[in-house]
Amino acid sequence: MNLPLELPTVGCKSEARCTTADVATGDGALRPQRPDAPYEDTRRLPPWLKRNVPKGNANHFTAGLLEELHLETVCDNAKCPNRMECYSQKTATFMVLGNVCTRPCGFCAVERGRPAPPDANEPARLAEASARLGLKHVVITSVTRDDLPDGGAEHFRQCVLAVRQRIGASIEVLTPDFVHNPAALDRVIAAAPEVFNHNTETVPRLYRQVRGPRSDFRWTLALLARVKQLNPAIKTKSGLMLGLGETHEEILDTLTCLLDAGCDFLTLGQYLMPSSTSADHYLPVVRYIPPEEFALLGRQAKALGFKQVASGPFVRSSYHAREMAEMF
């Protein structure tokens, strides 16, 4: 279907707009928020961001299987704080098209440079791993491949088809932006994944600073809207990292923009610098958001109209993805 793609105007104001005062806390009382008050020392993790690492044979099984089949995960490459928890539950977020990214984003630990050509056998190996892990919901993401004419869209499609043919699991794709290439985007949509996820990452004011000069907030909204336009049955999903200097008001405005684009599911999590020893390469943490503020934002997001919301310091775009998809 060849539909025109129009970039929306930034500054969405949904009729469902809510403010901090619109949502009560758990005991029914409204309390004033201080959304811009920094944690006293961003050089140290606050207590709520310290956790025990799960142990067990499942960790080794998952890691060993991924190594055997020569598969990459965003869990390892992006140094996700939840990777041991996910591995212990025999699940992972597969990262296809290699482990070298063409975008120099200031928040990501994935290596940057010149990637290798796509591996034609990767979809079959991904399907094999999904079968041996017994997955019911498979999450597939990738590095950004600006070096490929279609940004890797056909490879995404092949991965979706291979998994579906092998085990029939529900599938979630977490895609890059395909460099303003609607034809490439349409190729992935044609594979009809159950969930189409593309991260917004931050608020419009910080977009170029966080995601780089090639990124465009309006394109993110247009991408999500186009998925719904071409296949309304696909659930759309997006997520934001918090703690980069955004305000509470900006977060709510961004959420209304996502809703106006038809976004169904939302994730909100804390931005953590990938490495404290390479601080010059990464964006600094401006603020650590406490769990109670994440809880408030989660309630506000549900009040605005998102069908499913995961909001918390350790939440990531594919964290507990199966539960979110199955609950709707």
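From most to least packed by mean Cβ count within 10 Å, the peptides 126-133, 211-218 give 126-133, 211-218. Spatially, segment 189-239 and segment 103-133 are offset by 20 Å when compared through their Cα centroids.
Per the Kirkwood formula applied to alpha carbons, segment 183-328 shows a radius of gyration over Rh ratio, Rg over Rh, of 0.96.
Relative contact order, whole percent, for segment 102-176 stands at 40, derived from Cα pairs under 8 Å and 6 or more residues apart. Taking label points 7 Å from Cα along the Cα-to-Cβ direction, residue 208 and residue 292 give a separation of 3.9 nm. With all projection directions averaged, the alpha carbon convex hull of segment 123-270 covers 8.8 nm². Summing charges over all other residues whose Cβ lies under 11 Å from the Cβ of residue 317, with Lys and Arg as +1 and Asp and Glu as -1, gives 0.
Taking only alpha carbon atoms, segment 101-173 gives an Rg to Rh ratio of 1.01, where Rh is the Kirkwood radius. Ordering of 186-198, 241-253 by packing is 186-198, 241-253, highest average first (other Cβ atoms within 10 Å, averaged per residue).
Ranked by the mean number of other Cβ atoms within 10 Å per residue, highest first, peptides 298-306, 95-103 order as 95-103, 298-306.
Exceedance of the 19 Å cut-off in Cα-Cα distance is limited, within the set 50/302; 50/307; 50/136; 136/228; 237/307, to 50/302; 50/307; 50/136; 136/228.
Computed from the coordinates by the stated procedures, all read-outs in this text should not be read as laboratory data. This is a predicted model, so every value here is computed, not measured. Every residue, glycine as well, gets a Cβ built from its backbone with ideal geometry; the counts of neighbours run over all protein chains shown.
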